[in-house]
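Colleague: The structure that follows is given in the form of structure tokens.
The values are calculated or read from the model by the stated rules, or taken from the named source; none is laboratory data. Keep in mind it's a predicted model, so treat the numbers as computed, not measured. Every residue, glycine among them, receives a Cβ derived from its backbone with ideal geometry; neighbour counts consider all protein chains shown. Heavy atoms of the whole protein, side chains included, go into the accessibility calculation; ligands, DNA and RNA do not. Shrake-Rupley method; radii C 1.70, N 1.55, O 1.52, S 1.80 Å.
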Amino acid sequence: MDVNTTRTGEPMSAVERVRRREGWMPLVATVVLAVLGLAGWQAFAVGRIPEPVMHPNRFDGVIYWVGPRLGPFYAKQDVDSADLMFVGDSRVYDDIDLDQVRIAGEPGAGLIWGPNADLSILLPAVERLPMTRMVVALSPSTLGAKTNPVMRASLVEPPPEFDSLSLESALSLWTADERGRLIDEGYSPLVVDTHLSRFRKVLRETTLRGHGSTRELDRHVRERLNYFRTSNVRTLATRRWHREWFEKVDPDRLVIATRNTLDEITDEQRDRAEATIVASLRDFVGRGIEVHCVRFPVSPTILELEREYVSDERLRAIAEAAGVPFHEFHERGLAKGETLADRPDGFETRDGSHLTWPASRRFTRLLVETIRGERDG
Amino acid sequence: MSFDSGTFWVLFGISWLLWWRLPFSWAKTTALCASLIFYAWWSPFYLPLILISATVDYWAGGRIHATENPAARTRWLLLSLATNLGLLGYFKYGHFALENLDAIASAMGMEGVNSAVPWVIPVGISFYTFQTLSYTIDIYRGRLAPADSFRDFFLFVAFFPQLVAGPIVRAQELLPQFVRRSPPSPWRVQNGLYLIVWGLFTKIVVADNLAPEIDRIFALFPSGQATPAHMWLGLIYLGVLVFADFAGYSALAIGLACLLGMRFPRNFLYPYIARGPQEFWLRWHITLSSWLRDYVYIPLGGSKRGEGRQYFAMMITMVAAGVWHGAAWPFFMFGVYHGLGVVVNRFWNLRFAGGRHPRGWPFDRPKGAAMLTGRLGKIFLLNLFIHTNWVFFRAPDIPTVFEYWHLAYIGPFQQGMGWEVFGEARHLLLVLPVVLMHSTQAIREWYGWRERPWHRVIAAAFMIVALVVVRRSDTADFFYFQF
């Protein structure tokens with residue numbers, strides 16, 4: 001066949017002739033260039049990328065839905081068999097690097113946390129777990145904190161047994177509950193089942209893709225109705241990227257939010273929470289669990305702000321009343337004779353309340369050594 | 001099953017193999033099966049709806065074509081319109097209507113209606129409804145012959161690359177391609193792969209990374225930490241996000257079709273280099289705007305029945321475009337805003353620009369610096385106009401939109417701009433590729449610059465590297481817990 005004619009024998013246009021002449025060369029060139037680019041990236045760029053401000057979420061552990069009607073608390077690693085447990089608010093999630101805990105010789109460590117977790121709710125919820133040591137993040141923010149509505153519901157109900165569930169079990173539990181609620185609200189069973197079937201699928205897909213990212217779970221729970229209403233324009237699921245490259249340090253970011261949170265807690269709520277926390281801690285100690293209360297590092301601005309609401313002495317008194325050690329990482333010695341001011345890098349926070357990833361690794365190592373008695377707390 | 005999921009690529013890989021290996025008739029059947037699996041993956045409960053829509057339209061289309069009686073033809077057309085618009089209205093707008101009835105009843109002190117029933121929107125209903133409507137209307141107008149077989153027609157309705165998010169491919173564009181299989185050519189395969197890479201890049205690298213930042217900016221409202229600079233960054237990010245998201249999906253769909261030897265119409269033509277709202281709609285979601293032009297604007301009179309009637313038709317068409325995107329008042333306002341934009345644009349063109357076509361390209365290449373400056377000025381104004389309007393897409397309600405605009409436009413005079421925010425705005429890096437894409441297209445159009453194969457080679461290699469780097473990342477963004 002003439003190279004300048006088409007299959008049907010018609011003369012080719014100039015564009016078609018050029019396209020035919022090119023053949024597969026553009027594709028080959030693209031692949032070669034991409035491979036070279038990737039090799040170059042690997043060789044020259046990877047090592048020079050600044051360390052991320054936020055730590056990577058490298059623990060694929062199953063999401064734990066604490067229920068029924070209690071949550072969301074979140075767990076990392078196998079909390080059912082963990083020997084060392086870290087319990088508290090989002091500072092526990094951000095500031096504890098479980099890799100460092102493992103490197104420090106503590107392979108059986110787990111982590112349970114909740115957003116603005118109120119320890120007076122969280123501690124009773126985890127009391128059945130089989131840990132032998134527990135680190136509790138004690139701060140003004142966890143003393144009668146403004147909880148999310150679902151967590152608040154537990155205040156009027158007896159604290160349930162902490163029920164660790166797989167994602168599938170949690171979904172079944174949640175959707176069974178949700179189905180009844182929606183039908184009670186007047187939705188037809190067909191509509192409800194359709195909605196929940198799709199919800200389960202979307203949630204399962206996004207959660208698996210997010211390696212158990214609690215963000216995905218929360219987002220879908222919160223936006224479940226809006227999601228379906230706008231599904232025609234939100235076809236592709238969100239995928240995360242090197243977000244940490246774009247994350248920047250802003251020590252004052254959470255000042256206003258923290259003040260708003262602390263403003264909402266009344267003195268009465270704090271008193272009540274304090275009594276519950278002391279009782280829970282005593283209960284843990286009575287059962288032979290080694291408990292450490294820890295004041296996690298925050299920025300000087302947030303620290304001063306928190307002190308306006310709850311004094312350091314009051315936090316210390318809680319630990320003393322429960323008969324457990326209290327570790328303060330702001331001004332007390334980190335190592336023997338070492339102060340925060342001695343450390344040029346300090347404990348840098350990315351938003352005033354949560355440590356940067358590099359700082360969290362240093363802090364985690366210091367904390368583990370401290371609770372093992374290798375350093376002064 | 002979305003285009004960026006592994007499941008989809010397994011399904012597509014099997015479909016692609018069968019498409020080229022089997023006889024064309026069998027290939028179409030397997031493509032239809034794959035399309036139904038793809039759709040059922042979202043929810044099998046929606047399958048009957050698309051089947052009903054396709055069956056009614058296939059049947060009505062055949063009957064319209066078979067009879068010469070105008071009254072009978074009109075009856076069959078009305079049946080098709082009632083079925084499609086009824087389904088769309090019930091499932092997409094039913095909840096919205098009931099909610100508003102409920103609000104009105106409550107405001108009048110009457111007992112509210114139950115607005116809690118029809119709130120599940122079948123995936124892609126807006127897209128396939130418009131496709132099937134165009135089929136019967138075109139047959140009614142004598143511009144199209146009915147499909148040869150129900151299978152071909154159903155495949156046209158449910159063809160998976162464009163099923164859930166467009167582009168809106170019309171029957172006269174797609175049905176003829178089901179008659180004979182186009183042989184694969186190196187250029188077509190490479191073009192398809194390039195579009196797929198382009199779509200994945202804009203979606204995964206650009207859009208998905210801007211989305212959390214936009215959430216963060218909107219979350220600054222209640223905390224009182226928002227500055228005008230944040231609002232302006234939000235406008236820029238939102239405009240880029242919406243483009244990257246929609247255009248990325250469309251490019252993926254067109255690329256997938258290319259690999260199957262099919263040709264889909266272009267859906268986005270670098271809309272942010274438009275020089276006015278009218279031209280913007282010739283470049284933005286082209287298949288939707290051309291559908292609305294042919295089936296709403298022109299039937300309403302178009303430009304043939306006087307200036308006033310034209311403005312009315314423009315307004316209605318733009319409002320239809322707004323509510324097509326979603327059943328909510330912000331979408332309605334989105335349409336009104338664009339309607340006013342195109343009306344003013346048209347008015348200006350008629351009075352001061354000699355009634356020129358909104359897009360002069362390729363006949364009015366800029367001559368000299370003054371022309372170029374003028375053109376860039378128009379593009380700047382257009383972007384200001386368009387990006388301001390995207391807030392309707394993201395804000396939960398209309399008061400939030402006005403609050404946003406107030407802070408963006410009045411805020412700098414009241415509290416200062418807060419320029420330092422721009423200095424730390426690393427997400428602007430993600431805006432760069434989109435600016436670059438638009439800039440090269442502008443140069444291409446204005447100066448007749450031809451795209452060379454090596455341009456695509458470099459661009460594709462860069463995007464592949466970016467995508468692979470993305471895949472290597474294993475981080476989660478816990479931006480939502482800012483306590």
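Colleague: Can you confirm whether the stretch A:265-282 contains a residue that is within 14 Å of chain B (Cβ to nearest Cβ) and of a type outside the set (A, V, I, L, M)?
Modeller: Applying the first criterion (within 14 Å of chain B (Cβ to nearest Cβ)) to the stretch A:265-282 yields A:265.
Going one step further and asking which of them are of a type outside the set (A, V, I, L, M), we end up with none.
No, the stretch A:265-282 contains no residue that is within 14 Å of chain B (Cβ to nearest Cβ) and of a type outside the set (A, V, I, L, M).
So that you can scan it fast, the table gives a plain yes or no per residue for (1) within 30 Å of A:ILE256 (Cα to Cα); (2) free of Cβ contacts under 8 Å to residues at least 12 places away in the same chain:
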residue: B:ASN191; (1), (2): no, no
residue: B:LEU195; (1), (2): no, no
residue: B:ALA207; (1), (2): yes, no
residue: B:GLN225; (1), (2): yes, yes
residue: B:ARG263; (1), (2): no, no
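Colleague: State whether the residues of the stretch B:174-185 include one that is away from chain A (no Cβ under 14 Å), free of Cβ contacts under 8 Å to residues at least 12 places away in the same chain and in a helix (DSSP H, G or I).
Modeller: Taking the stretch B:174-185 first, the residues away from chain A (no Cβ under 14 Å) are B:174-179.
Then keep just the ones that are free of Cβ contacts under 8 Å to residues at least 12 places away in the same chain; that gives B:176.
Of the ones still in play, those that are also in a helix (DSSP H, G or I) are B:176.
Yes, the stretch B:174-185 has at least one match.
Matching residues to (1) open to solvent by 10 Å² or more (accessible area, probe 1.4 Å); (2) more than 14 Å from chain B (Cβ to nearest Cβ):
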| position | (1), (2) |
| --- | --- |
| A:VAL79 | no, yes |
| A:PHE86 | no, yes |
| A:ASP95 | no, no |
| A:ASP99 | yes, no |
| A:ARG102 | yes, yes |
| A:PRO107 | yes, yes |
| A:ILE112 | no, yes |
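Colleague: Continuing with the same structure: Name the residue, out of A:ARG361, A:ARG287, that is within 26 Å of A:ARG253 (Cβ to Cβ), at pLDDT 85 or above and open to solvent by 10 Å² or more (accessible area, probe 1.4 Å).
Modeller: On the way: A:ARG287 fails: within 26 Å of A:ARG253 (Cβ to Cβ).
From the options A:ARG361, A:ARG287, the qualifying one is A:ARG361.
Residue-by-condition table, conditions (1) surrounded by fewer than 17 Cβ atoms within 10 Å (Cβ to Cβ); (2) within 30 Å of B:PHE201 (Cβ to Cβ); (3) small (Gly, Ala, Ser):
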{"position": "B:GLY13", "(1), (2), (3)": "yes, yes, yes"}
{"position": "B:THR67", "(1), (2), (3)": "yes, no, no"}
{"position": "B:PRO70", "(1), (2), (3)": "yes, no, no"}
{"position": "B:LEU87", "(1), (2), (3)": "no, no, no"}
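Colleague: For the stretch B:405-431, how many residues are open to solvent by less than 50 Å² (accessible area, probe 1.4 Å) and either within 28 Å of the chain's Cα centre (by Cα) or within 14 Å of chain A (Cβ to nearest Cβ) (or both)?
Modeller: First, the residues of the stretch B:405-431 that are open to solvent by less than 50 Å² (accessible area, probe 1.4 Å): B:405, B:407-408, B:411-412, B:416-418, B:421, B:425, B:427, B:430-431.
Cutting the leftovers down to either within 28 Å of the chain's Cα centre (by Cα) or within 14 Å of chain A (Cβ to nearest Cβ) (or both) gives us B:405, B:408, B:418, B:421, B:425, B:427, B:430-431.
So the answer is 8.
Colleague: Condition first: surrounded by fewer than 20 Cβ atoms within 10 Å (Cβ to Cβ) and not aliphatic (A, V, I, L, M). Can you find one or more residues in the stretch B:192-209 that meet it?
Modeller: No, the stretch B:192-209 contains no residue that is surrounded by fewer than 20 Cβ atoms within 10 Å (Cβ to Cβ) and not aliphatic (A, V, I, L, M).
Colleague: A follow-up question, please. Could you look through the stretch B:366-379, keep only residues that are open to solvent by less than 50 Å² (accessible area, probe 1.4 Å) and among the small types (Gly, Ala, Ser), and pick out the one that is farthest from B:ILE236 (Cα to Cα)?
Modeller: Checked the stretch B:366-379; the qualifying residue farthest from B:ILE236 (Cα to Cα) is B:GLY374.
Colleague: Could you list all residues from the stretch B:454-473 that are at pLDDT below 50 and open to solvent by 50 Å² or more (accessible area, probe 1.4 Å)? Please lay out each step first, then the result.
Modeller: Residues of the stretch B:454-473 at pLDDT below 50: B:472-473.
B:ARG472 - this is the single residue of the stretch B:454-473 that is at pLDDT below 50 and open to solvent by 50 Å² or more (accessible area, probe 1.4 Å).
Here's the yes/no breakdown for (1) more than 10 Å from every other protein chain (Cβ to nearest Cβ); (2) buried (at least 23 other Cβ atoms within 10 Å of the Cβ); (3) among the small types (Gly, Ala, Ser):
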residue	(1), (2), (3)
B:PRO212	no, no, no
B:ARG216	no, no, no
B:LEU220	no, no, no
B:PRO228	yes, no, no
B:GLY234	yes, yes, yes
B:TYR237	yes, yes, no
B:ALA244	yes, yes, yes
B:SER250	yes, yes, yes
B:LEU256	yes, yes, no
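Colleague: Out of everything in the stretch A:308-337 that is closer than 22 Å to A:GLY373 by Cβ and surrounded by fewer than 14 Cβ atoms within 10 Å (Cβ to Cβ), what residue ends up being modelled with the highest pLDDT?
Modeller: The selected residue is A:GLY323.
Colleague: Considering only residues that are within 10 Å of chain A (Cβ to nearest Cβ) and over 17 Å from B:PHE12 (Cα atoms), which ones fall in the stretch B:192-209? So that I can check it myself, show each step before the final result.
Modeller: Restricting attention to the stretch B:192-209, the residues satisfying the condition of being within 10 Å of chain A (Cβ to nearest Cβ) are B:193-194, B:197, B:199-200, B:203-209.
Matches in the stretch B:192-209: B:LYS203, B:ILE204, B:VAL205, B:VAL206, B:ALA207, B:ASP208, B:ASN209.
Colleague: List the residue pairs whose Cβ atoms are under 9 Å apart, where the first residue sits in the stretch B:335-352 and is surrounded by fewer than 16 Cβ atoms within 10 Å (Cβ to Cβ) and modelled with pLDDT under 90, the second is in a helix (DSSP H, G or I) and among the acidic types (Asp, Glu), and the two are 6 or more positions apart or on different chains.
Modeller: Note: pairs meeting the criteria are B:PHE347/B:GLU307; B:LEU350/B:GLU307.
Colleague: Return yes when B:ALA54 is away from chain A (no Cβ under 14 Å), surrounded by 20 or more Cβ atoms within 10 Å (Cβ to Cβ), in contact with a Leu (Cβ under 6 Å, 6 or more places away or on another chain) and at pLDDT 85 or above and no when it is not. Let's see the steps before the verdict.
Modeller: Working: away from chain A (no Cβ under 14 Å): yes; surrounded by 20 or more Cβ atoms within 10 Å (Cβ to Cβ): yes; in contact with a Leu (Cβ under 6 Å, 6 or more places away or on another chain): no; at pLDDT 85 or above: yes.
In short, no.
Colleague: Mind listing whichever residues of the stretch A:244-264 are without any contact (Cβ under 8 Å) to a residue 60 or more places away in the chain and more than 11 Å from every other protein chain (Cβ to nearest Cβ)?
Modeller: Initial filter on the stretch A:244-264 (without any contact (Cβ under 8 Å) to a residue 60 or more places away in the chain): A:246, A:256-257, A:259-260, A:263.
A:ASP263, the sole residue that qualifies.
Colleague: Anything in the stretch B:380-401 that is open to solvent by less than 20 Å² (accessible area, probe 1.4 Å) and within 26 Å of B:TRP348 (Cβ to Cβ)? List them, or say none.
Modeller: B:LEU382, B:ILE386, B:THR388, B:ASN389, B:TRP390, B:VAL391, B:PHE392, B:VAL401
Colleague: Something else: Only one of (1) surrounded by 17 or more Cβ atoms within 10 Å (Cβ to Cβ); (2) touching a residue at least 40 places away in the same chain (Cβ under 8 Å); (3) among the hydrophobic types (A, V, I, L, M, F, W, C) is not met by B:LEU79, so which one is it?
Modeller: (2)
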